[in-house]
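The values are calculated or read from the model by the stated rules, or taken from the named source; none is laboratory data. Nothing here was measured: the structure is a model prediction, and the numbers come from that model. Glycine gets a Cβ as well: all are built from the backbone with ideal geometry, and neighbour counts include every protein chain shown.
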Amino acid sequence: MQDIEQLKYPAGKLHIPEKITQEQVEIWIKTIALFPKKVKTELTDLTNQQTIRYHYRAGGWNIKQVLNHCIDSHMNSFIRFKLALTEENPIIRPYDETAWAELPDTLLYDVSESIQLLQLIHKRWVFLLNSLTTEQFNRTFIHPDGDEVVTLKENLCIYAWHCENHFLHIVNAKKFKFPKD
């Protein structure tokens, strides 16, 4: 059996390089671009009921919650990119991810339609990412939790990791089929 850290962070803990290269930026954009297709492929053989029943770890979210969390989180990230591109060092608004994961649009909405939404969000997000210059990737926003200044290229790293980690949560949920608790 895997330990809790491996189950929480199957892609490993997030590491943001001190110096981010253009090559890394391109790899991360590709990761974000491919994420919806990988998720769709992984979920193709599951029923709606299985996406609710299978959890990636005891006490962790079910597949449906992971999928919809990615939609919520990636929409927020897309908006954060736009804020940083149009405002000078804006303070972004955090949200309660756990509470959002319990809302009806997370728990009851059809998985196939959620996948379509994920695909469309990522398509538009990747279009924006591919249009940015190096200078634009150096723009920043402030995350109020810890008053942290985040560059857009650091945020890109965070969300490429986020895609990989949650994709592996889905894979693990199918593999281990943990109960809720």
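Would you mind telling me which numbered condition in (1) β-branched (Val, Ile, Thr); (2) within 29 Å of Leu152 (Cβ to Cβ); (3) without any contact (Cβ under 8 Å) to a residue 60 or more places away in the chain Ile4 fails?
(2)
Considering only the range 103-112, I want to know if a residue exists there that is surrounded by fewer than 18 Cβ atoms within 10 Å (Cβ to Cβ), aromatic (Phe, Trp, Tyr), on the phi < 0 side of the Ramachandran plot and in contact (Cβ under 8 Å) with a residue 40 or more places away in the chain.
Yes: one or more hits.
Just one of (1) surrounded by 11 or more Cβ atoms within 10 Å (Cβ to Cβ); (2) at negative phi; (3) part of a loop (DSSP other than H, G, I, E, B) trips up Leu83, so point out which.
(3)
When Ala99 is evaluated against the numbered criteria (1) of a type in the set (Gly, Ala, Ser); (2) in contact with a helix residue (DSSP H, G or I) (Cβ under 6 Å, 6 or more places away or on another chain); (3) under 13 Å from His69 (Cβ atoms), which criterion, by number, is the only one it fails?
All conditions pass for Ala99, except number (2).
Could you please tell me which pairs satisfy a Cβ distance under 7 Å, a separation of 6+ or placement on different chains, a first residue in the range 159-181 that is surrounded by fewer than 18 Cβ atoms within 10 Å (Cβ to Cβ) and β-branched (Val, Ile, Thr), and a second residue that is part of a helix (DSSP H, G or I) and modelled with pLDDT of 95 or more?
Val171/Glu42
Looking at (1) closer than 25 Å to Leu117 by Cα; (2) out of contact with any Cys (no Cβ under 6 Å at 6 or more places or on another chain), which is the only condition Ile20 fails?
Ile20 satisfies every listed condition except (1).
Is it the case that some residue within the range 50-59 is modelled with pLDDT under 95, out of contact with any helix residue (DSSP H, G or I) (no Cβ under 8 Å at 6 or more places or on another chain), surrounded by fewer than 17 Cβ atoms within 10 Å (Cβ to Cβ) and charged (D, E, K, R)?
Scanning the range 50-59 turns up no residue that is modelled with pLDDT under 95, out of contact with any helix residue (DSSP H, G or I) (no Cβ under 8 Å at 6 or more places or on another chain), surrounded by fewer than 17 Cβ atoms within 10 Å (Cβ to Cβ) and charged (D, E, K, R).
Kindly check whether there is at least one residue in the range 29-49 that is small (Gly, Ala, Ser) and at positive phi.
Checked against the condition, which is being small (Gly, Ala, Ser) and at positive phi, the range 29-49 yields no hits at all.
Evaluate the range 142-161: report whether one residue or more is at pLDDT 95 or above, touching an Asp or Glu at 6+ places or on another chain (Cβ under 9 Å) and within 23 Å of Glu18 (Cβ to Cβ).
Yes, there is a match, as at least one residue in the range 142-161 is at pLDDT 95 or above, touching an Asp or Glu at 6+ places or on another chain (Cβ under 9 Å) and within 23 Å of Glu18 (Cβ to Cβ).
Identify, from the list Asn138, Asn76, Asn155, Asn89, the residue that is without any contact (Cβ under 8 Å) to a residue 40 or more places away in the chain, of a type in the set (S, T, N, Q) and touching a strand residue (DSSP E or B) at 6+ places or on another chain (Cβ under 9 Å).
After ruling out the rest, the residue left standing is Asn138.
From the list Leu67, Leu46, which residue is surrounded by 17 or more Cβ atoms within 10 Å (Cβ to Cβ), over 23 Å from Trp125 (Cβ atoms) and either of a type outside the set (Ser, Thr, Tyr) or in contact with a helix residue (DSSP H, G or I) (Cβ under 7 Å, 6 or more places away or on another chain) (or both)?
Leu46
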